[in-house]
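Beneath this line is the structure, given in C-alpha cells, with notes to follow.
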Amino acid sequence: MIALTLKLLLAHLIGDFLIQPTHWIKDKEEKKHKSKYLYVHLLTHTLAILLLLQFDFSFWKGLAIIIASHFIIDLMKINFQNSSNKRWLFFLDQLAHLFVLAWVVNLYEPYSLIQAGSFLMSNQIILFVIALLTTTVVSSIFMKVIITKWELEEDINSASLEHAGKYIGMLERLFIFGFIALGQWQSIGFLLAAKSVFRFGDLSKAKDRKLTEYILIGTLLSFGFAILCGLAYVYFSGIIDR
C-alpha cells in the first residue's frame, strides 16, 4: 500500500507541479477545454504513472480513474475559477486529486479506515493538533488582546500587506515550536538574529521610542508564547508515551 501510494503521489507532483509551465496554466484558463495544454497535461500524468509503475498495464483501471477524474476536476476548476476564489479552488483541486489517489490505492490494496481513524484520533496526534492551534491561532488572539493596549497610529496607518504581520507571527512561532520539538534550541537564536536584521531598518528610521518598544513587546510576546507551547508539547508528549 505504501509503495503504491508513494508512486502515485510522486506522479501527481511531477505532473501537476514539476512539468507544468506557467504558460500552460494561463492557456488552460483562457481557452478552457479547447486548450491543447489541458490534454498535454493529462498525457504527462499518464506517462509519469506508467513510468513509476514500470508499465504495469494490470493497473489500467486505476489509471483510467485517475486520468478521467483529473480531467473533470481540472475542467471544473478552470470553468468556475475567478479572481476571488482562485486560491480556494487551488487547494480544493489538490484535495480532490489526493482523495481520488487514496480511493484508487484502496481499490488495489484495501486498507482499514478504522485503523486510519484510530491513528488520527491517537493521543499524540490530538496533542500535536492542540499544540499547533495554540501556537498559531490562540497565541495570535492572546497577543492581539494584550498589544491593543498600546495601539499606535503608525500601526493603524501602516502601508504593509493586509494581515501580513499576523501570518509572519504565526510562521515565526511555528518555526520556534518546531525547533523546540526537535531539540534545536540554538536555531531559535539564528531566527531571532535574522528577525533583528530585518527589523533594524524600521527601528533605525523610527525616531519614536514608542514604536521601538511596541515592536520589541510584540516580538518578545511571540517568542514567549512559542517557547511555552513548545515546552508544553515536549513535556506532555513524554507523559503520553510512558
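Couple of notes before you dig in:
- Axis angle, to the nearest 10 degrees, between helix 164-181 and the longest C-alpha principal axis of the chain: 80 degrees.
- When its C-alpha radius of gyration is set against 2.2 N^0.38 Å (N residues), segment 1-79 gives a value of 1.11.
- Using heavy atoms of the protein chains and a probe of 1.4 Å, the accessible area assigned to LEU211 is about 40 Å².
- Within straight-line cross-link reach of LYS210, lysines at Cα separation under 24 Å, skipping those fewer than 8 residues along the same chain: LYS144, LYS149, LYS166, LYS195
- Angle in degrees between helix 60-80 and the longest Cα principal axis of the chain, rounded to the nearest 10: 50 degrees
- Measuring with a 1.4 angstrom probe and ignoring ligands and nucleic acids, LYS144 comes out at about 140 Å² accessible.
- To the nearest ten degrees, helix 123-133 and the longest principal axis of the Cα atoms of the chain are 60 degrees apart.
- Residues LYS31, LYS7, LYS36, LYS149, ordered by accessible area of protein heavy atoms at a 1.4 angstrom probe radius and largest first, appear as LYS149, LYS36, LYS31, LYS7.
- Long-range lysine pairs (8 or more apart or interchain), segment 1-71, Cα under 17 Å: 4
- Solvent exposure of the chain as accessible area per residue, Å², 1.4 Å probe: 68 Å²
- Three-way shape label, segment 48-142, alpha-carbon gyration tensor, a/c 1.5: oblate
- Taking a ≥ b ≥ c as the square roots of the Cα gyration tensor eigenvalues, the chain comes out oblate, since a/c reaches at least 1.5 and a/b does not exceed b/c.
- Loop-resident chymotrypsin sites (Phe, Trp or Tyr not before Pro) (DSSP state other than H, G, I, E or B) in segment 15-124 with no more than 11 further Cβ atoms inside 10 Å of their Cβ: PHE55.
The values are calculated or read from the model by the stated rules, or taken from the named source; none is laboratory data. This is a predicted model, so every value here is computed, not measured. Methodologically, a virtual Cβ is constructed for each residue, glycine included, from the backbone with ideal geometry; neighbour enumeration extends over all protein chains shown. With ligands, DNA and RNA removed, areas are computed over all heavy atoms of the protein, side chains included. Shrake-Rupley method; radii C 1.70, N 1.55, O 1.52, S 1.80 Å.
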